[in-house]
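Here the structure is laid out as structure tokens; the discussion comes afterwards.
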Amino acid sequence: MIPLLRKFGKARKSRPGKGVLAVIGGLLIASAVARVGVQAGAALALEGGDPAPAAAHDTGQTQTSDLPGCAAEEDIAPILEALRQREARVAKREADIQTRMQALSVAEAEIERKMTAMEEAEQKLRATLAMAQNAAEDDVSQLTQVYATMKPKQASALFEEMDPEFAAGFLGRMRPDAAAAIMAGLTPQKAYTISVLLAGRNAGAPKE
């Protein structure tokens, strides 16, 4: 830069009319050269520095541990294990509930089947009792007819040996004339007892 100033100094002396313009031009050129030198020094300093950060920037690779807010894999592992264990417990509980629901469904079906069987058995029992009652009624009616058609003396001898309530049941089913003929052949004590039983039954009958 000094030789250039000398050169421009000589030009000033040789050309007096253009000396001022020459000095200004020399200063501008010197300033430009200085700027280029500074920029070149900065570039050389960058090239001579540590290349590791630039290389890391160029490749776009960053380590997870250097990023703020990121957890290491060994810190996340216990949380993941706890989540897996909780999920396993929930799945087991759901399986147990499903098993209980199936058992309850089977029990309900069995109870329903037994209730149906009991209802059918009850209906059959009622039908059997009705048949038995009808059969017994038929037998009693037939036997009453037999006693009513017997001779009063023979019928009285049979009724004398019967239990008073049993005898009163037959006499209550007979026609009044047939029952009176049999009662006439009984002993007074037997006839009185049967009469009391018949009166007690009729006392409970509805009256108009």
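The values are calculated or read from the model by the stated rules, or taken from the named source; none is laboratory data. Just so you know, these numbers come straight off a predicted model, no measurement behind them. All Cβ positions, even for glycine, are placed from backbone atoms using ideal geometry, and neighbour counts span all protein chains on display.
Per-structure values
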read-out: Qualifying positions in the range 171-190 - in a helix (DSSP H, G or I) and either within 14 Å of P152 (Cα to Cα) or touching a Lys or Arg at 6+ places or on another chain (Cβ under 8 Å) (or both); value: L171, G172, P176, D177, A178, A179, A180, A181, I182, M183, A184
read-out: Flag if T128 is modelled with pLDDT under 90, in a helix (DSSP H, G or I) and of a type in the set (V, I, T); value: yes
read-out: Residue satisfying condition, being among the charged types (D, E, K, R), in a helix (DSSP H, G or I) and modelled with pLDDT under 85, within set E137, E165, E160; value: E137
read-out: Verdict on E110 being out of contact with any Cys (no Cβ under 9 Å at 6 or more places or on another chain), over 30 Å from A167 (Cβ atoms) and either polar (S, T, N, Q) or surrounded by 10 or more Cβ atoms within 10 Å (Cβ to Cβ) (or both); value: yes
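The rows are residues; the columns are (1) without any contact (Cβ under 8 Å) to a residue 24 or more places away in the chain; (2) out of contact with any helix residue (DSSP H, G or I) (no Cβ under 9 Å at 6 or more places or on another chain); (3) of a type outside the set (D, E, K, R).
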{"position": "E119", "(1), (2), (3)": "yes, yes, no"}
{"position": "E122", "(1), (2), (3)": "yes, yes, no"}
{"position": "N134", "(1), (2), (3)": "yes, yes, yes"}
{"position": "E137", "(1), (2), (3)": "yes, yes, no"}
{"position": "Q142", "(1), (2), (3)": "yes, yes, yes"}
{"position": "P164", "(1), (2), (3)": "no, no, yes"}
{"position": "L171", "(1), (2), (3)": "no, no, yes"}
{"position": "M174", "(1), (2), (3)": "no, no, yes"}
{"position": "A191", "(1), (2), (3)": "yes, no, yes"}
